[in-house]
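Accompanying notes for the structure given below.
The values are calculated or read from the model by the stated rules, or taken from the named source; none is laboratory data. Given the structure is predicted, the values throughout are model-derived calculations rather than measurements. Note that we place each Cβ from the backbone using ideal geometry, even for glycine, and neighbour counts take in every protein chain shown. Each accessible area value is taken on the protein alone, full model and side chains, heavy atoms only, with ligands, DNA and RNA left out. Shrake-Rupley method; radii C 1.70, N 1.55, O 1.52, S 1.80 Å.
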Amino acid sequence: MTNEKGDMAPEFRQLLSATPLGARLARRLAGAQLAAWGIPYGCALAEDVELVVGELAANAVLHGRVPGRDFEVRLGYDGLRVRVEVSDARGDEAPPDVLPYADPCWAESGRGLALVQAVAHEWGVRPRGTGAPGKTVWARL
């Protein structure tokens, strides 16, 4: 990711255990990194990025977990936009192209990607690349 001047933008990368603790830590680390970049805690952008990181990390743990393999969180900031990427080891478990309806009154799960879609300017899925197995789900805010 480059900034408006064409310079390389700041980036944050972290491998985390594919556990609920790892997913919670991903969200907290994202908030700390945003603050280090000057994006204040509690502002709309910070809250949206933390929400997206939390949802994508939870999905990596619930649907992308391979025993003994971690998931990776990457953040990039170009001064205007934040890019979130969460990579896991399960390339065969891609999110659906059309998000299923989750009844807000009764469903206990199924809202994560709908939340991502609601707050991100765009999002998608791609193969993980660099010879690593799995997929990367990304969002731009």
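Across segment 55-64, what is the total count of residues that are assigned to a helix (DSSP H, G or I) and either open to solvent by 20 Å² or more (accessible area, probe 1.4 Å) or more than 18 Å from A120 (Cβ to Cβ) (or both)? Residues that pass the stated criteria total 6.
Please determine whether any residue of segment 44-54 is assigned to a helix (DSSP H, G or I), open to solvent by less than 40 Å² (accessible area, probe 1.4 Å) and farther than 20 Å from A118 by Cα. Among the residues of segment 44-54, not one is assigned to a helix (DSSP H, G or I), open to solvent by less than 40 Å² (accessible area, probe 1.4 Å) and farther than 20 Å from A118 by Cα, which makes the answer no.
Checking each residue in segment 115-133 for being at pLDDT below 90 and either open to solvent by less than 50 Å² (accessible area, probe 1.4 Å) or within 12 Å of V84 (Cα to Cα) (or both) picks out R128, G129, A132. Taken as a whole, the condition of being in contact with a strand residue (DSSP E or B) (Cβ under 9 Å, 6 or more places away or on another chain), surrounded by fewer than 20 Cβ atoms within 10 Å (Cβ to Cβ) and modelled with pLDDT under 90 does not apply to P67.
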